1. Among the residues of region 827-839, write down those that are at pLDDT 80 or above and either over 19 Å from VAL770 (Cβ atoms) or not charged (D, E, K, R) (or both).
2. Which helices (runs of 4 or more DSSP H) does region 396-505 wholly contain that include 3 or more residues that are under 30 Å from ARG369 (Cβ atoms) and touching a helix residue (DSSP H, G or I) at 6+ places or on another chain (Cβ under 8 Å)?
3. Among the numbered conditions (1) touching a strand residue (DSSP E or B) at 6+ places or on another chain (Cβ under 9 Å); (2) farther than 23 Å from LEU279 by Cβ; (3) part of a loop (DSSP other than H, G, I, E, B); (4) not aliphatic (A, V, I, L, M), tell me where ARG160 comes up short.
4. PRO872 fails exactly one of the following numbered conditions: (1) within 23 Å of GLY943 (Cβ to Cβ); (2) modelled with pLDDT of 75 or more; (3) part of a loop (DSSP other than H, G, I, E, B). What is the number of that condition?
5. Search region 159-172 for residues that are modelled with pLDDT under 65 and pair each with any residue that is in a loop (DSSP other than H, G, I, E, B) when their beta-carbon atoms are under 7 Å apart and the residues are at least 6 apart or on different chains.
6. In region 329-346, is there at least one residue being within 26 Å of PRO398 (Cα to Cα), in a helix (DSSP H, G or I) and modelled with pLDDT under 90?
7. Need the failing condition index for LEU597 against (1) within 28 Å of the chain's Cα centre (by Cα); (2) assigned to a loop (DSSP other than H, G, I, E, B), just the number.
8. Quickly run through region 641-672 and pick out the residues that are crowded, with 23+ Cβ neighbours inside 10 Å, more than 19 Å from TRP606 (Cβ to Cβ) and either among the aliphatic types (A, V, I, L, M) or touching a Leu at 6+ places or on another chain (Cβ under 7 Å) (or both).
Amino acid sequence: MAIVPLAVRVVEVIADRGAEMSPRYRYGSGCVVAGGWVLTAAHVVAAALGVVVRTSDKVVRAAALDPRFIGDVDGPGPDLALVSVVGLDLPPMGLAKVDRDSPTGDPVERCHAIGYPAFMERAGPDGVPVRDTVDAFGHIPALSLLAGGLLSLQVSSTPRPLPPERVAVGESEWSGMSGGPVVAEGFLVGVVTEHAPRAGSSALTLTPLTALQADSDHPGWSRGVTEPAGWWARLGVSGPGALRWLPIGPVGSARPAYQATVREIHRRTSPLVGRQRELADIASFAVGSEGYRCLVGGAWAGKTSLLAEAVVAALPPQVDVVSYFLSRREADADSARFLAAVVPQLAYLVGDQEPPTADLHQLRALWQRAVDRAAAQDRHLLLVVDGLDEDLRPPGLPSVAAVLPAGVGGRAHVLVASRPYPALPGDVPVGHPLPAVQPVEVEPFAGAQELAALARQEIDELTRDDETGLAADVLGLLAAAAGPLAIEDLTALAEVAPRSAALTRKVRRLLSDRAARSVQPVGPTGARRWQFAHESLLAHARTHDDLADPDFRRRIDRWADGWRDAGWPAPTDGGDGTPRYLLDSYACTLARQPQRLSGLAGDAGWVVAAIETAGADWVLADLRRAAAADPTHPAVAATLATVTGQAHQLRLSPLLHQPGYVARQLCLQAAELAEDRLAADLRTRLRAQPGPGLVPLWTTRRASPALAAELGRHDGPVRTMTALPDGRVATAVTGGRLLAWDPAAPDADPTELGRNGRSAFPAAVRAMAVLPDGRLATAGTGGRLLAWDPAAPGTPPTELGRHDHVSAMAVLPDGRLATNEYYGRLLLWDPTQPDAAPTQLGRHGNAVAALPDGRLVTSGSLVDGQLLVWDPATPGTGPIELGYGTLQAPVVLLDGRVAAPGFDGRPLLWDPAAPGADPTELGGVNNAIKVAAALPDGRLATGSHDGRVLVWDPTLPGTDPTELGRHDDEVLAMAVLPDGRLATGGGDGRVLLWDPTLPDIGPTELGRHDQWVLAVTTLLDGRLASGGADGRILRWDPARPSAGPTELGHGVVQAAAVLPDGRLATGNLNGPMLLWEPAAPGAGPTELGRDDTSVLAMAVLPDGRLATGGGDPRVLLWDPATPGIDPTELGRHDGPVPAMYTLATGNGPPIEVGRGNISVEAVAVLPDGRIVTGGTDGQVLLWDLTQPEAGPIELGRHDGPVRAVAVLPDGRIVTGGTDRRVLLWDPTAPGTEMAQLSCSVTTLATGPLGQDRSSLLVVAHQGSGISFWSVIGDQEI
């Protein structure tokens, strides 16, 4: 579709009604939609004798009317018309329809209506009156005017006010807007219908394009036109199905919650009048090349209104915007809240299904991804931050200004607004672009200072004439709260009179009438709260003699203590429960009360209620603020680590209000982190809740606070890994599989990019590198050099050529790829020309690195020992020999010199600019150096065979190195973090974190692999990924290091069963059969024995023995009373045994209860003999064997295949699926989920627990570990 400026399409429509009519001419607007067809309103051209259109360049063209394409002026058909204009021929315009049936009913933002109103009429050069255009910005509420099917454009910015609601637009100076196009995201939605009833004084009514055709789902909307096909053809589309749905957003992603806050801020600001120039300047900045712009203005200048209008309504469609509005009066003004608001918006923009943890690393990584997206899609990225001067700056947190992105310019822009004072905070990094920006002054709107003075005067008068003391009480409490309070909150806190209906009425009248200028309501209808109308009014109240009494704050603290003692009951729609202020605002006001803040943040009850009310990201911001204020507080640290570990599960908003869900998830995470006090507290709270529920008992899963997530497992050792440009991690394993893992979605399975080699003859990947275009180059033992596209998994790779046993590769600055064979050829490849033969630079060594000047350096073996420099620009000229020694892989330092650590323990330093010169020997150790890395400060870090981690200073050759510490075995992997710290992995399985600037401190142990750590890499967000000989891929967060080593798991459990004595039997993939004692948390398992293959199924016989089946055909019988004794082989199948069940005694032919095309993955039997099944289609079905012809009853569905089914002793059903949900079902109430647990699951087992109305549930988790749960029930089913 060709792009035509919208200004070319908008025309003035003039209908001649005849000389006898008064007025003779009717004026309207229209839009050229396709060819010469102009869409306008039917009432503009109906009954006209002739019609002309006048384009924006004031050329008048004749138009032809066809009665078939003139709709109904007064219904029941649409008020739309098409006129044909001679001499116009434009390509079709994009058309859209508003999604009014979505579950969320999201509005369509950044809409505008363009037309030729009467007040824009001027005398032309020849004295003939002409009209100019008006562009009115606003948004379309999807659920407004539903009864008649029309749409309402809520106008928020105009050159002059719209008429009052009771006056039709056509009867005012806005006459002439009828037929004007309403456009959103560059698509035409409908036209203005100025004579129709309006939804408020700031609204324009429009007829949508969908009104052309009757909608059977909405018969009251429009009967449509007689021949809709003819209309659609002239509009340039096939029908309503070709219209684009609005609003546009990433598929499958929930809109960030903060967008609703921005809409609320925009809603409570008055429509902008006469500020088109400032909005046009902001729009121009957003599509220009400038990086930063800073708007500066005094209080009441209208900065917030201006920026809110720009974000919601007035930006060009090619601009993607994220925003944050600091507000002290709402206790929402610090860098933790900034990250909690902006990170989910950026994640949504780049299409991430689940937003990551809101920290500075994620902000930087997501910002870069959003910038790259904007460049790739020819769009612009804009971050808007209002109120930098209102930053609360809590202790321990950086300022908002300090965390703003530095990578701007081109297609990335940041727009900030502030008062002239205070100046920018001192923690803004040196070299950041913000301090160099010349501020742009915002002129106050007309009457701003008078309005501010009247509001302050109102506060003074209310307190001066306050005979009852009510005004002082209410305003003083609002000032002390520094956040929004409900009327119920104020009546509970007031001391001038007992709480009563009469007091409530007085407070309501005070807020809504007498204090209407100085306070304002916020929040949805039914949950209104009140705050000062401007930050300057809050500041005025805090210095007022009658309102600054410390007693107001003491009252709020005592009020909070009362709700703490009540256990922080969750708020309800009816207004009961903990006041929302205490859950979403109170913590932000405690910067000067650090002990109270720590007590609040470490209170499990408050955390649960706050997450249910404000969301996980908001609470994480509060917890980080508390941890920064008191880093040593154990309860705060435990709570922060626990909530961080479950944040991705707690963002599932539909589940937050399910009783016990938040506490259940946090309890499981606390148990995994060995935070026993927190887990016990949450367990007690869960048991106190009424109704059925799941209560965690204990778990074998253990995690380090630094372990952000276990991404998954390979079937063998992870040999090599690298970070992809999109933030994912690519890994390769023995067997040739190439996988891509998403650290932002640790619960998701990896994407298999492909296999290196044929399935029968897999080839090991020994080297990989990321090309400049984002593709992944791999090579290894298979002889092929392949380029894979991570964006197109499963597609065959491009073969760049063939190469024998590649040992190393390096990417040159020009994008070419150098590969090195084991003691063989050094080849140069051009990935953009896969059919071209490589250039052979020569033969040498088994390691290669690229120098900053584009040359290559290779190192030899113990035999040849040479260090050679090659120039890819002059192939065939031979290399330059830098030197000789027993060398490892070369490392290029920041100054361009090459460090070549030696097998003999000597790190040598060579200067490529001085070939032939002797190397500088930094020193020596009596042990082979296995790995090395260049530090940001220019020093060299090495890891040795004896486990030592050393740092060498190239400026001080001959001096002893600094020993940071040592592993218990050889150092095998090393990576440098962006902040200069060093991560190492060793043969002892540990992942250690070192600070080279603090050599005496020793390492921080992040955690352990079960075997050698073979690879460590730094991710784009500053975190680490490691791969080991145990096959696991782990992601670590250096910002949350562990206090000591933590066991991470016991293998993948594929089968489990509860024995008659209450013990649990588990079977692993290629592991032992284990017996666990649920009543002994933390006790290790007893090994029952070992199978030669994977245990996939098990069943308990009536005599207590255990039958198992697995990867081979055998069925084995084990006696739990005699662990260590070999099992008895009962017999053999023809193949593997994936499932088995214990049946009641009985004879007879089989009964077929149903069949279909869906594979049944899990089966269990209820106490009454019915059968429950789970299939690959996600259905959970209940079958009655006594009525095989009746068909099954569907209990419900998972969002993916059902992996496990189990039945509790009381008859309730538990299922687990690949959607990482464990669901509890009541077979007497199909379609109702009783409870949900969000976690991975491989198998389930159930049994009696020995407690009243409780059963034991065992969940085996993907990756490693099992957890034990008490299932509480009200009654037996």
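The values are calculated or read from the model by the stated rules, or taken from the named source; none is laboratory data. Because the structure is a prediction, the values reported are computed rather than measured. Note: ideal-geometry Cβ built from the backbone for every residue, glycine included; neighbour counts use all protein chains shown.
1. Selection gives LEU827, LEU828, TRP829, THR832, GLN833, ALA836, ALA837, PRO838, THR839.
2. none
3. (2)
4. The failed condition is (1).
5. GLU165/ARG198; GLU165/GLY200; GLU165/SER201
6. yes
7. So the condition that LEU597 fails would be (2).
8. LEU668, ALA671
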